[in-house]
Amino acid sequence: MSSNQGRYGGLAARLTETVLATPGDTSSEKRQAALERGKHPGSSGRTSLPPELASYIDTVARHAYKVTDADVAGLKEAGYSDDAIFEITVAAAVGAAMHRLDRGMAALRGEEPD
């Protein structure tokens with residue numbers, strides 16, 4: 001998370017901490033990887049996630065409205081539980097949201113996009 005989020009920094013940090021540190025079906029490390037991939041979808045070098053999970057996270061981060069029942073069924077067939085899919089989805093969405101918040105705040109400061 002960027003330190004340039006102004007008044008939202010504390011709230012963003014608390015949200016991120018809750019998503020990553022709360023006990024769940026998936027490990028904190030896997031949720032962290034999903035969050036990071038959500039910030040930078042399509043970036044294969046940043047995390048080591050199974051291809052089906054990486055593809056799903058990219059869809060959530062870029063075009064959440066395109067997630068289909070077939071996508072979720074594919075993850076279930078790969079062995080992910082409903083709870084695990086939910087946790088990964090939330091982590092990916094939070095990562096995407098944090099990236100957009102960072103970029104929006106940078107735009108308000110007049111910085112060039114990355």
Checklist entry - Quick one: Arg109 ticks every box in (1) open to solvent by 50 Å² or more (accessible area, probe 1.4 Å); (2) within 21 Å of Leu49 (Cβ to Cβ); (3) touching a residue at least 60 places away in the same chain (Cβ under 8 Å); (4) not polar (S, T, N, Q) bar one, so which box is it? => result (2)
Next on the checklist: Take Ala73 and tell me if it is out of contact with any Asp or Glu (no Cβ under 7 Å at 6 or more places or on another chain), closer than 14 Å to Ala97 by Cα, surrounded by fewer than 18 Cβ atoms within 10 Å (Cβ to Cβ) and of a type in the set (Gly, Ala, Ser).
Outcome noted: no
Item to check | Contacts under 8 angstrom Cβ, first residue in region 8-21 being over 10 Å from Val90 (Cβ atoms), partner modelled with pLDDT of 90 or more and of a type in the set (Ser, Thr, Tyr), 6 or more apart | outcome: Leu20/Ser28; Ala21/Ser28
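Do you know which residues across region 59-87 are of a type in the set (Gly, Ala, Ser) and part of a helix (DSSP H, G or I)?
Pass one, region 59-87, residues of a type in the set (Gly, Ala, Ser): 61, 64, 70, 73-74, 78-79, 81, 84.
Ala61, Ala64, Ala70, Ala73, Gly74, Ala84 - these are the residues of region 59-87 that are of a type in the set (Gly, Ala, Ser) and part of a helix (DSSP H, G or I).
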Item to check | Test for Pro41: is it of a type outside the set (Lys, Arg) and within 10 Å of the chain's Cα centre (by Cα) | outcome: yes
Item to check | Search result, residues across region 43-58 that are open to solvent by less than 40 Å² (accessible area, probe 1.4 Å) and either assigned to a helix (DSSP H, G or I) or of a type in the set (Val, Ile, Thr) (or both) | outcome: Thr47, Leu53, Ala54, Tyr56, Ile57, Asp58
Checklist outcome for this item: Given (1) within 21 Å of Arg31 (Cα to Cα); (2) open to solvent by less than 40 Å² (accessible area, probe 1.4 Å), Gly104 misses just (1)
Next on the checklist: Yes or no: region 43-64 includes at least one residue that is in contact with a His (Cβ under 9 Å, 6 or more places away or on another chain), among the hydrophobic types (A, V, I, L, M, F, W, C), touching a residue at least 12 places away in the same chain (Cβ under 8 Å) and closer than 25 Å to Arg7 by Cα.
Outcome noted: yes
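The values are calculated or read from the model by the stated rules, or taken from the named source; none is laboratory data. Keep in mind it's a predicted model, so treat the numbers as computed, not measured. Cβ atoms come from the backbone with ideal geometry, glycine included; neighbour counts cover every protein chain shown. Ligands, DNA and RNA are excluded from the accessible area calculation, which covers all protein heavy atoms including side chains. Shrake-Rupley method; radii C 1.70, N 1.55, O 1.52, S 1.80 Å.
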